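Asks: Just passing along the structure, written as structure tokens.
The values are calculated or read from the model by the stated rules, or taken from the named source; none is laboratory data. Computed from a predicted model, the values in this text were never measured in an experiment. We place every Cβ from the backbone using ideal geometry, glycine too, and count neighbours over all the protein chains shown. In case anyone asks, the SASA skips ligands and DNA or RNA and just uses the protein heavy atoms, side chains included. Shrake-Rupley method; radii C 1.70, N 1.55, O 1.52, S 1.80 Å.
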Amino acid sequence: MINLYKIKEGDVEYTLGRFNGDTVTYDFKNILVYLEAKGKILFGEHFEIHKEDHKLLLKLCCYFIQDKDYCKANGIDLNKGILLSGPVGCGKTSLMNLLRNLSLKPKMFEIIAARNIVFAYNHLGTKTIQDFGNNKCYCFDDLGIEPIGKYYGNTYNVMGEVLLSRYELFLETKIKTHITTNLNASEIEERYGSRVRSRMRQLFNQLTFSETTKDKRK
């Protein structure tokens, strides 16, 4: 008998793939149906997944369901995290919120706004750097719009230091970090320095929305 891989939301079950007793074969069309339904639950009835985002979303889905063959063929390293970049309002944060539900396991990572980490540093100092260099998987949201940290009159590039701490954690434990950002590679280097950008190449698979992606908030 063939069992189906399902996720239940309220009274509705969504079939994501077919289980053969050993592995699950996923159906991307079914995943889209589930993600759009989950998006309406999380963000309201206006939510929709746009057709122009399907190609990028397929890559993200295959990463999070750990489709080794697809990821290998498309240059995606399952050992690294995701750096999701794109224009303002393209839906980066919404997709990461959705995709962490694409599992029967507890949520795979916690989403934290980069600016909130800086605000915490302004109150607590370097303890904040230590706290976010711990053994949890995070997605740092909207990297690049956060202010410079200030603690007892000293300024500090908080997220740059957090990323260096996450790199050290990755080397020791292979625990991943994810990021959403409006910045491109050169802007990341300008803001955080060549050392951070170099480490980020080792930490992340970079996936990018098209520059022409429309602002979905309008």
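Asks: Which of the numbered conditions does ASN79 fail, given that it passes all the others? Conditions: (1) part of a loop (DSSP other than H, G, I, E, B); (2) touching a Pro at 6+ places or on another chain (Cβ under 7 Å).
Replies: (2)
Asks: What number of residues in segment 97-127 are modelled with pLDDT of 95 or more, open to solvent by 50 Å² or more (accessible area, probe 1.4 Å) and farther than 14 Å from ILE148 by Cα?
Replies: Looking only at that region, the number is 0.
Asks: Output yes when any residue across segment 20-31 is modelled with pLDDT of 90 or more, surrounded by 13 or more Cβ atoms within 10 Å (Cβ to Cβ), over 14 Å from the mean Cα position of the chain (by Cα) and closer than 29 Å to ALA185 by Cβ, and no when none is.
Replies: Yes, segment 20-31 contains at least one residue that is modelled with pLDDT of 90 or more, surrounded by 13 or more Cβ atoms within 10 Å (Cβ to Cβ), over 14 Å from the mean Cα position of the chain (by Cα) and closer than 29 Å to ALA185 by Cβ.
Asks: Please pick out the residue among ILE179, ILE188 that is out of contact with any helix residue (DSSP H, G or I) (no Cβ under 7 Å at 6 or more places or on another chain) and open to solvent by less than 20 Å² (accessible area, probe 1.4 Å).
Replies: Just a single option satisfies the conditions, and that option is ILE179.
Asks: While we're on this one: Take segment 128-158 and flag every residue that is among the charged types (D, E, K, R) and touching a residue at least 24 places away in the same chain (Cβ under 8 Å).
Replies: Across segment 128-158, the qualifying residues are LYS136, ASP141, ASP142, GLU146, LYS150.
Asks: Can I ask one more? Sort out which residues of segment 156-201 are aromatic (Phe, Trp, Tyr), over 19 Å from the mean Cα position of the chain (by Cα) and part of a helix (DSSP H, G or I), and write them in order of number.
Replies: TYR192
Asks: Could you look through segment 209-218, keep only residues that are open to solvent by less than 80 Å² (accessible area, probe 1.4 Å) and polar (S, T, N, Q), and pick out the one that is nearest to LEU58 (Cα to Cα)?
Replies: Taking the candidates together, the pick is SER210.
Asks: Counting only residues that are surrounded by fewer than 21 Cβ atoms within 10 Å (Cβ to Cβ) and outside any helix (DSSP H, G or I), which one in segment 82-96 is modelled with the lowest pLDDT?
Replies: That would be GLY89.
Asks: Which one of these does ILE145 not meet: (1) open to solvent by 60 Å² or more (accessible area, probe 1.4 Å); (2) part of a strand (DSSP E or B); (3) β-branched (Val, Ile, Thr)?
Replies: So ILE145 meets the others, but not (2).
Asks: While we're on this one: Considering segment 53-76 alone, what residues qualify as being out of contact with any Ser or Thr (no Cβ under 9 Å at 6 or more places or on another chain), in a helix (DSSP H, G or I) and among the acidic types (Asp, Glu)?
Replies: Residue satisfying the conditions is ASP69 alone.
Asks: While we're looking at this one, here's another question. Could you check segment 47-90 and list, in sequence order, the residues that are of a type in the set (Phe, Trp, Tyr) and over 22 Å from ASP141 (Cβ atoms)?
Replies: Correct list: TYR70 only.
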